[in-house]
Amino acid sequence: MSIEEYQHTLTEQIQSAGKGDTSSTVLGVAVGEDRYLIPMTEVSEVIQIPKLAHVPLTQPWFLGLANVRGNLYGITDLGVYLGGNPMPFNLKSRILLVSPSNKVYGAFVVNSMLGIRNLSEFTSVKSAKRKLSKGIALQYKDTEGRLWRELSLFELIRDEKFLQIETK
């Protein structure tokens, strides 16, 4: 399957998942070594990484701007934003476009897509007395014992940190 066919298939799955019961439908992504589950209702589209316009004097997690069908999106390295180290992008890397709200067009780079899932496939895990990072609602384990975190991109784009891209 070519990259274009994969992209088309994934876009169709996202759109069809949006028509059903979306309360438990999530998109699995890898960010560095971590796995995240993102509510399907928060992702408007998944695209390949386009040419980015670099913006000087911005936070290390802010990669630049991209024009996607006439809308200007600020592109954020999700791993760096969440406190990780920068990871090189590859052919599996994608950008998640966040459904626009209040004219804030946010987009997040992830290292790879892990498919559309249902939360019923996972077992909820109690966090070990430490506070979860901003945007992370719950933690889960899959049948193979791997840890997944449910992440709200809507919560991230409303966070004061996200809105302050310039360095001080």
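The values are calculated or read from the model by the stated rules, or taken from the named source; none is laboratory data. In this text the structure is predicted, and so the values were computed from the model without any measurement. All Cβ positions, even for glycine, are placed from backbone atoms using ideal geometry, and neighbour counts span all protein chains on display. Calculation scope for accessible area: heavy atoms of the full protein, side chains included, ligands and nucleic acids excluded. Shrake-Rupley method; radii C 1.70, N 1.55, O 1.52, S 1.80 Å.
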Solvent accessible area, Å² - M113, 1.4 Å probe, full protein context: 20 Å²
So which GluC sites (Glu not before Pro) in the range 21-51 end up in coil per DSSP with only 12 or fewer other C-beta atoms within 10 Å? E33
Mean projected area (nm²) of the alpha-carbon convex hull when the range 31-113 is viewed from all directions: 5.7 nm²
So, counting K/R as plus one and D/E as minus one, what does the shell of residues with Cβ under 10 Å around G84 add up to? -3
Could you pull out which residues in the range 32-76 have an amide N less than 16 Å from a spot 7 Å beyond the Cα of L91, following the Cα-Cβ vector? 48-49
From highest to lowest solvent-accessible area (probe 1.4 Å; ligands, DNA and RNA excluded), S93, S120, S44, S24 read S120, S44, S24, S93
Normalised by the residues of the range 61-168, what does the relative contact order come to in percent, with Cα pairs under 8 Å and at least six apart? 17 percent
What distance in nm separates the two pseudo spin-label positions at S44 and R146, each 7 Å out from Cα along the beta-carbon direction? 3.0 nm
